[in-house]
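The values are calculated or read from the model by the stated rules, or taken from the named source; none is laboratory data. Bear in mind the structure is a predicted one, so any value in this text is a computation, not a measurement. Here the Cβ is made from the backbone with ideal geometry for all residues, glycine too, and neighbour counts use every protein chain on show.
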There are 2 protein chains.
Amino acid sequence: MLPSEIHKIKGIVITLSGPSGVGKGTVISRLTELCPAIRHSVSITTRSPRPEEKDGVQYYFTDKKHFEEMIAAGDVLEYDEYCGNYYGTPRKPLIEAVEKGEDTILDITVPGSLSVMQTFPDTVSIFLLPPSFSELRRRLESRGTESPDIMQKRLDKAYNEIEMTKMFDYVLVNENLDLTAGRILSIAEAEKHRYRRLKGIEEALLKH
Amino acid sequence: MLPSEIHKIKGIVITLSGPSGVGKGTVISRLTELCPAIRHSVSITTRSPRPEEKDGVQYYFTDKKHFEEMIAAGDVLEYDEYCGNYYGTPRKPLIEAVEKGEDTILDITVPGSLSVMQTFPDTVSIFLLPPSFSELRRRLESRGTESPDIMQKRLDKAYNEIEMTKMFDYVLVNENLDLTAGRILSIAEAEKHRYRRLKGIEEALLKH
């Protein structure tokens, strides 16, 4: 028997945070294409599904009453309110994935990531930065036709989020989609071999 | 200007330790083939060069008097005595590599690795384990025709070294040469993106 078989390690929880417009969703799509073994945690929301969206794929869709019951029951690991709708992380699927040894990545806000770290102290937290702040402004401006006021609010929020980079384990500058996805894979691979996730492996080995 | 250009990070020092027979040398050869940008730190020794060995390639060769002068002058980062000869790590080339941003891997004893960690607190330390203790015994026995006494001493030493696994950041089970070398590359790649090596990158970015 191999020590790696004796030592079945738990799944790794990876949080990916970063300002709006930095490309978190696109990076996660590319990552799960490159490595389908990494599971993307599906959020739960009270907003209505768009025509192309399926329950359990882009989001779990529910109503406000049920979401608030879930919060009260402790079934939501972290949540946020945005434009009058809730968005959150269901606790149970994440705990099950960890126990089964499945790695999971979450596209999550900065405070959401900090909440996940409290529940899973071994969380691997990654902050995604744009190549420059002016590039982020360009990306946000190209998205829509919002008023200068709303755009300024978004940029202020992005600025404040970027200042939180120091709370994260890893930082990646999203200059190139494949490079960024590859770096997340390297981080996941490295983290699987940290001694603190493999405590006692040497004792198991010395018996064989 | 990209933040990655503003933030030229220092070279990473990687120590690879593990019991005799685990395959450290072979792994490092494969690693530097796969990624020539990672430099193998050449040790200095007082033993005589073998016919095929060149000064500065396998080892730097010197005499005992000079080695002891280097120790006295603080030019040897760590050293050990084995069969009446000194083996050590020259301090200057390693410091220069770190400052130039070159990553360096050292094939080093457990106490040697602990010394390197003291000089470079950001050292990435990796312990290499055999697939099993009986496999390590087999590998050591296949090497030569030593007396049972000497073989037992080697196995005892290996046993004691394996018990030190817990002092290391990462642990790899050397089941397959390419897998092990690839995992070291992932560890190096991940470590380059740890926030503590990139402190202040977000402030540099917010200015651009």
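What the table shows:
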| item | result |
| --- | --- |
| Matching residues, the stretch B:167-184, being within 8 Å of chain A (Cβ to nearest Cβ) and either in contact with a Cys (Cβ under 6 Å, 6 or more places away or on another chain) or free of Cβ contacts under 8 Å to residues at least 40 places away in the same chain (or both) | B:Arg183 |
| Residue pairs meeting the criteria (Cβ under 6 Å; at least 6 apart or on separate chains; first touching a residue at least 40 places away in the same chain (Cβ under 8 Å), in the stretch B:81-100; second in a strand (DSSP E or B) and acidic (Asp, Glu)) | B:Tyr87/B:Asp80; B:Thr89/B:Glu78 |
| Criterion (among the β-branched types (Val, Ile, Thr) and more than 12 Å from every other protein chain (Cβ to nearest Cβ)) met by exactly one of A:Ile162, A:Ile150 | A:Ile150 |
| Positions within the stretch B:39-67 being in contact (Cβ under 8 Å) with a residue 24 or more places away in the chain and among the basic types (Lys, Arg), in sequence order | B:Arg39, B:Arg47 |
| Residue within the stretch B:104-126 that is under 25 Å from A:Ala188 (Cβ atoms), over 13 Å from the mean Cα position of the chain (by Cα), hydrophobic (A, V, I, L, M, F, W, C) and within 12 Å of chain A (Cβ to nearest Cβ) present | no |
| So B:Glu141, is it of a type in the set (Asp, Glu) and at the interface with another protein chain (Cβ under 9 Å from one of its Cβ atoms) | no |
| Unmet criterion (only one of (1) touching a strand residue (DSSP E or B) at 6+ places or on another chain (Cβ under 7 Å); (2) over 26 Å from B:Glu33 (Cα atoms)) for B:Tyr87 | (2) |
| Residues (touching a residue at least 12 places away in the same chain (Cβ under 8 Å) and under 20 Å from the mean Cα position of the chain (by Cα)) located in the stretch A:137-166 | A:Lys157, A:Ala158, A:Tyr159, A:Glu161, A:Ile162, A:Met164, A:Thr165 |
| Scope the stretch A:152-198; condition of a type in the set (Lys, Arg) and farther than 19 Å from B:Ile184 by Cα; matching residues | A:Lys153, A:Arg154, A:Lys157, A:Lys166 |
| Residue within the stretch B:199-206 that is modelled with pLDDT under 95 and within 25 Å of B:His40 (Cβ to Cβ) present | no |
| First in the stretch B:107-134 and over 19 Å from B:Asp80 (Cα atoms), second anywhere and among the basic types (Lys, Arg), Cβ under 8 Å, 6 or more apart | B:Asp122/B:Lys10; B:Asp122/B:Arg196; B:Asp122/B:Arg197; B:Leu128/B:Lys24; B:Pro130/B:Arg139; B:Phe133/A:Lys207 |
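Residue-by-condition table, conditions (1) of a type in the set (S, T, N, Q); (2) over 22 Å from A:Lys192 (Cα atoms):
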{"residue": "B:Glu135", "(1), (2)": "no, yes"}
{"residue": "B:Ser147", "(1), (2)": "yes, yes"}
{"residue": "B:Val171", "(1), (2)": "no, no"}
{"residue": "B:Ile187", "(1), (2)": "no, no"}
{"residue": "B:Lys192", "(1), (2)": "no, no"}
{"residue": "B:Lys199", "(1), (2)": "no, yes"}
